[in-house]
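Reading through the structure tokens given below for one structure.
The values are calculated or read from the model by the stated rules, or taken from the named source; none is laboratory data. This is a predicted model, so every value here is computed, not measured. Here the Cβ is made from the backbone with ideal geometry for all residues, glycine too, and neighbour counts use every protein chain on show. Please note that ligands, DNA and RNA were not included when accessible areas were found on the heavy atoms of the full protein model with its side chains. Shrake-Rupley method; radii C 1.70, N 1.55, O 1.52, S 1.80 Å.
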Amino acid sequence: MGRIYNFSAGPAVLPEEVLQQAAADMMDYHGCGMSVMEMSHRSKMFQDIIDEAEKDLRTLMNIPDNYKVLFLQGGASLQFAMIPLNLMKNKKADYIVTGQWAKKAYQEAKKYGDVVAVASSADKTFSYIPDCSDLPIREDADYVYICENNTIYGTKFHTLPNTKGKDLISDVSSCFLSEPVDVTKYGMIYGGVQKNIGPAGLVIAIIREDLIPESVDESVPTMMQYKIHVENGSMYNTPNCWAIYICGLVFKWLLKNGGLEAMQKKNIEKAKVLYDFLDQSKLFKGTVEPASRSLMNVPFVTGNEELDAKFVKEAKAAGFENLKGHRSVGGMRASIYNAMPKAGVEALVAFMKKFEEENA
Ligand SMILES: *Cc1c(COP(=O)(O)O)cnc(C)c1O
């Protein structure tokens, strides 16, 4: 059996060229006689891999010199605690709750200080991004937190909130490198790489250096202090070498394919194929308010749970994997990250049309 079209929300599809390169490097990376998984993280060979990955990421995102790039472990979920533990200096932070991941981050931060949800879209099952142009951001809040692309609900901030001068912290796990970004608008951008960049278990955090505290409460675990990771070049302990290497290959793939502008253009075209179909379908309906739609995660329903299940089953048999919606919302969700070719989305839409005719 060949490769299927994988619509998983994460871990998710990776570019075939990258997988082929990794396979070619597997037994003998660049003549060193071993794979990247087997080499010392203290070797020059690995230092070159991590340095090159950081350099290419800086080029792709145009990251200014006063931002640090960290390769961390513990998933995006560990950042839910590391962010307040390091950045909540006044012990006050304002969160915008637009889905489960934002809510988890908010609940975790509450353990460490006076944390308020200044906006939420829970009233309509997180199917939209609230108006964030004039929120009651507190004068002494340390930062404003968002989840920029809501993987589960398929919504995306198309305009960043007005933070009234406070630093913006953004979880970009599911839209990382999907479009150009102005890093200077953020205090910190971070994401788990397993959605749009690489293998699970690695988080990339881009943090403005003046936000990283010289000292934190002494009860904060050493491994959870940004300063320690900065001082040790993301190698205070053994990093996720393999994931860093794969991300590096993906960065090269992105650079070769025109960078983030080209990626955005492709992603807009790809998502349009699916949204245009959903907008005219008599059977399938998108669940998100059009103005808040994500280019990466597209949830949809038939309105009938049995028919949803039938669709997911028949789609799987036809080579379209992982279309079942998140367990908390049901229905379907197609995640169409950078590495999903347009042909995959077109094939899915053709299959949906056929299913619609057969089940009219
Ligand atoms: C998947 C996801 C997470 C959680 O990532 P882990 O690496 O599993 O902790 C957090 N935020 C967003 C937006 C996600 O999509």
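When you go through (1) open to solvent by 50 Å² or more (accessible area, probe 1.4 Å); (2) among the β-branched types (V, I, T); (3) closer than 16 Å to A117 by Cβ one by one for I129, which number turns out not to apply?
Against the list (1) open to solvent by 50 Å² or more (accessible area, probe 1.4 Å); (2) among the β-branched types (V, I, T); (3) closer than 16 Å to A117 by Cβ, I129 comes up short only on (1).
Quick check on this structure: which one of A76, A24 is among the aliphatic types (A, V, I, L, M) and more than 30 Å from A102 (Cβ to Cβ)?
The unique qualifying residue is A24.
Restricting to the stretch 92-105, and then to whatever is in contact (Cβ under 8 Å) with a residue 24 or more places away in the chain and among the basic types (K, R), can you tell me which residue is nearest to the ligand (Cβ to nearest atom)? Spell out the reasoning first.
Here is the first cut: in the stretch 92-105, the residues in contact (Cβ under 8 Å) with a residue 24 or more places away in the chain are 92-102, 104-105.
Now drop any that are not among the basic types (K, R), which leaves 92, 104.
Working: K92: 23, K104: 7 Å.
Across the stretch 92-105, the extreme among qualifying residues is K104.
Considering only the stretch 1-102, give the helices (runs of 4 or more DSSP H) lying wholly within it that have at least 1 residues that are among the charged types (D, E, K, R) and buried (at least 20 other Cβ atoms within 10 Å of the Cβ). Please lay out each step first, then the result.
Details: elements: 16-25, 44-61, 75-87.
Correct list: 44-61.
Say we look at the stretch 224-238 and pick out the residues that are touching a strand residue (DSSP E or B) at 6+ places or on another chain (Cβ under 9 Å) and part of a helix (DSSP H, G or I); which of these is nearest to M82 (Cα to Cα)?
Y226
Within the stretch 261-292, work out how many residues are outside any helix (DSSP H, G or I) and open to solvent by less than 40 Å² (accessible area, probe 1.4 Å). Explain how you work it out, then say what you get.
From the stretch 261-292, those outside any helix (DSSP H, G or I) are 281-289; that's our starting set.
The next check asks that each one be open to solvent by less than 40 Å² (accessible area, probe 1.4 Å); those that pass are 281, 283-284, 286, 288.
Counting residues in the stretch 261-292 that are outside any helix (DSSP H, G or I) and open to solvent by less than 40 Å² (accessible area, probe 1.4 Å) gives 5.
Would you be able to tell me the number of residues in the stretch 208-223 that are loosely packed, with under 15 Cβ neighbours inside 10 Å and not in a loop (DSSP other than H, G, I, E, B)? Give the derivation first.
The first filter runs over the stretch 208-223 and keeps only residues loosely packed, with under 15 Cβ neighbours inside 10 Å, leaving 209-210, 214-215, 217-219, 221-223.
Among the residues that remain, those that are also not in a loop (DSSP other than H, G, I, E, B) are: 209-210, 222-223.
The qualifying residues number 4.
Do we find a residue being in a loop (DSSP other than H, G, I, E, B), in the same structural domain as M82 (by TED's automatic domain parsing), touching a helix residue (DSSP H, G or I) at 6+ places or on another chain (Cβ under 6 Å) and within 14 Å of the ligand (Cβ to nearest atom) anywhere in the stretch 143-163?
Yes, the stretch 143-163 contains a residue that is in a loop (DSSP other than H, G, I, E, B), in the same structural domain as M82 (by TED's automatic domain parsing), touching a helix residue (DSSP H, G or I) at 6+ places or on another chain (Cβ under 6 Å) and within 14 Å of the ligand (Cβ to nearest atom).
Would you pick out the residues in the stretch 164-180 that are in a loop (DSSP other than H, G, I, E, B) and away from the ligand (no atom under 15 Å from the Cβ)?
Result: K164, G165, K166, E179, P180.
Is at least one residue of the stretch 144-167 basic (K, R), without any contact (Cβ under 8 Å) to a residue 40 or more places away in the chain and out of contact with any Phe, Trp or Tyr (no Cβ under 9 Å at 6 or more places or on another chain)?
Yes, because at least one residue in the stretch 144-167 is basic (K, R), without any contact (Cβ under 8 Å) to a residue 40 or more places away in the chain and out of contact with any Phe, Trp or Tyr (no Cβ under 9 Å at 6 or more places or on another chain).
May I ask you to list pairs of residues, at least six apart or on different chains, whose Cβ atoms are under 6 Å apart, with the first in the stretch 213-240 being within 21 Å of Q47 (Cβ to Cβ) and the second being of a type in the set (S, T, N, Q) and part of a loop (DSSP other than H, G, I, E, B)?
Matching pairs, first to second residue: N240/Q73.
Identify the single condition in (1) more than 15 Å from the ligand (Cβ to nearest atom); (2) within 16 Å of the chain's Cα centre (by Cα) that G191 does not satisfy, given that it satisfies every other one.
(1)
Identify all residues within the stretch 293-307 that are assigned to a helix (DSSP H, G or I) and either of a type in the set (A, V, I, L, M) or within 12 Å of M352 (Cβ to Cβ) (or both); write none if there are none. Write out each step before concluding.
Within the stretch 293-307, the subset assigned to a helix (DSSP H, G or I) is 305-307.
Within the stretch 293-307, L307 is the sole residue that qualifies.
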